[in-house]
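Q: Just dropping this structure here.
The values are calculated or read from the model by the stated rules, or taken from the named source; none is laboratory data. Keep in mind that this is a model prediction, so the values were computed, not measured. Positions of Cβ are generated from backbone atoms using ideal geometry, with glycine treated the same way; all protein chains shown enter the neighbour counts. Side chains are part of the model used for accessible areas, which takes the heavy atoms of the whole protein and leaves out ligands, DNA and RNA. Shrake-Rupley method; radii C 1.70, N 1.55, O 1.52, S 1.80 Å.
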Amino acid sequence: MTIDQTSSEYTMNPTISLAKNQIQTIFNAGVLAADPAQAVRQALHIKSDKLYLASDHETGHRSQRSEPWSAVQIIAFGKAACAMASVAGEIISPSLMSSAGIIVTNYENQKNVDSFNVFGAGHPIPDSQGVFAAQHIAVRAQQAQLGELVLVLVSGGGSALIPYPPDSVSLQDKINITQMLLGSGANINEINCVRKHISQLKGGKLAQLTYPADLHALILSDVIRDDLSSIASGPTIADPTTFTDAIEILTSRNLWKQISDNMRLHLLTGRDGYIVENPKPGDPVFDRTGQALVGSNSLSVDAM
């Protein structure tokens, strides 16, 4: 039998053709579930001029969150930030948005989006443009008022894209430790634990800055097992890790003696209680926050 004959029989075989179509349908379902724009479109709705947000609960069920918010501020960061923010901007009325939204993404994905200020920043190594963008986010968060909503769109890469080290730690210190961790074999949860303790936004601090305004995050996961506190280092999520955990990670990866004196002093000062820990589960600041996981590997597998 020739190759042409085999190919012809393959094409004519209805069972094989059906299986091929089914496989293509399964694959497409997984891809669609991971599409950032589609993820936001399914989680964000306007009904009778009222905004509804998909909301996940600790019990595992999903509901919708809605309040008579007087204004909405949109902050998006991550490699999918432009795609996510573009859809949110289409759905939410310009009259409800209190000001131009903020987008921070990697240079390769940077593009103009109507009604947004778009910042490009370094990834996976943070840079000064990322610090500049992170400072804008911090100012915007602090401007939010009671009765307003800060809608945060989170996707992979956010940890590197919005670096905002404390005053005692330089950007170069942060760049060095990021490079060391990436080269050490540390997993993403370990890397982000350290990042959360050398940042003014990560580890729930963005939620802290936003309070007492409401905050809701739509999150696209790039982390195995979808640990929300690790995705983009969890700026809107309570941080269960500690300064002690960060020190132990650096020690176990043989990096403790390699990091700068400033970095060591900062982490030790935090461990000893002279720097306030990141907000933990149960902190009142999270009474006004909500979130929904809108895309992940597990959601794509479920869709398939």
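Q: For ILE231, state whether it is surrounded by 19 or more Cβ atoms within 10 Å (Cβ to Cβ), closer than 19 Å to PRO163 by Cβ, at pLDDT below 95 and under 18 Å from the mean Cα position of the chain (by Cα).
A: Yes; evaluated as a whole, the condition is true for this residue.
Q: Does region 95-110 hold any residues that are in a loop (DSSP other than H, G, I, E, B) and over 19 Å from the mean Cα position of the chain (by Cα), and which are they?
A: If the condition is that a residue be in a loop (DSSP other than H, G, I, E, B) and over 19 Å from the mean Cα position of the chain (by Cα), then SER95, LEU96, SER98, SER99, ALA100 are the ones that fit.
Q: With the condition kept exactly as written, say whether any residue in region 128-142 is touching a residue at least 24 places away in the same chain (Cβ under 8 Å), more than 16 Å from THR236 (Cα to Cα) and open to solvent by less than 10 Å² (accessible area, probe 1.4 Å).
A: Yes, there is a match, as at least one residue in region 128-142 is touching a residue at least 24 places away in the same chain (Cβ under 8 Å), more than 16 Å from THR236 (Cα to Cα) and open to solvent by less than 10 Å² (accessible area, probe 1.4 Å).
Q: Here is a follow-up. From THR251, THR244, which residue is outside any loop (DSSP other than H, G, I, E, B), touching a Lys or Arg at 6+ places or on another chain (Cβ under 6 Å) and either without any contact (Cβ under 8 Å) to a residue 60 or more places away in the chain or acidic (Asp, Glu) (or both)?
A: None of the others qualify; the one that does is THR244.
Q: When the residues of region 117-127 are narrowed to those that are in a loop (DSSP other than H, G, I, E, B) and out of contact with any Lys or Arg (no Cβ under 8 Å at 6 or more places or on another chain), which ends up least open to solvent (accessible area, probe 1.4 Å)?
A: Per the criteria, the residue is GLY122.
Q: Take GLN64 and tell me if it is in contact with a Leu (Cβ under 7 Å, 6 or more places away or on another chain) and polar (S, T, N, Q).
A: Criteria met by GLN64.
Q: Which one of ILE91, ILE162, ILE188, ILE177 is buried (at least 20 other Cβ atoms within 10 Å of the Cβ), of a type in the set (Val, Ile, Thr) and under 24 Å from PRO36 (Cβ atoms)?
A: ILE162
Q: Mind telling me which of the residues ARG264, ARG288 ends up being among the charged types (D, E, K, R) and in contact with a strand residue (DSSP E or B) (Cβ under 8 Å, 6 or more places away or on another chain)?
A: ARG288
Q: Output the number of residues of region 66-88 satisfying the condition of being open to solvent by less than 10 Å² (accessible area, probe 1.4 Å), outside any strand (DSSP E or B) and closer than 19 Å to ALA133 by Cα.
A: Count: 5.
Q: When both residues are 6+ apart or on different chains and their Cβ atoms are under 7 Å apart, which pairs have a first residue that lies in region 217-232 and is at positive phi, and a second that is open to solvent by 20 Å² or more (accessible area, probe 1.4 Å) and modelled with pLDDT of 85 or more?
A: What qualifies is ASP226/LEU293.
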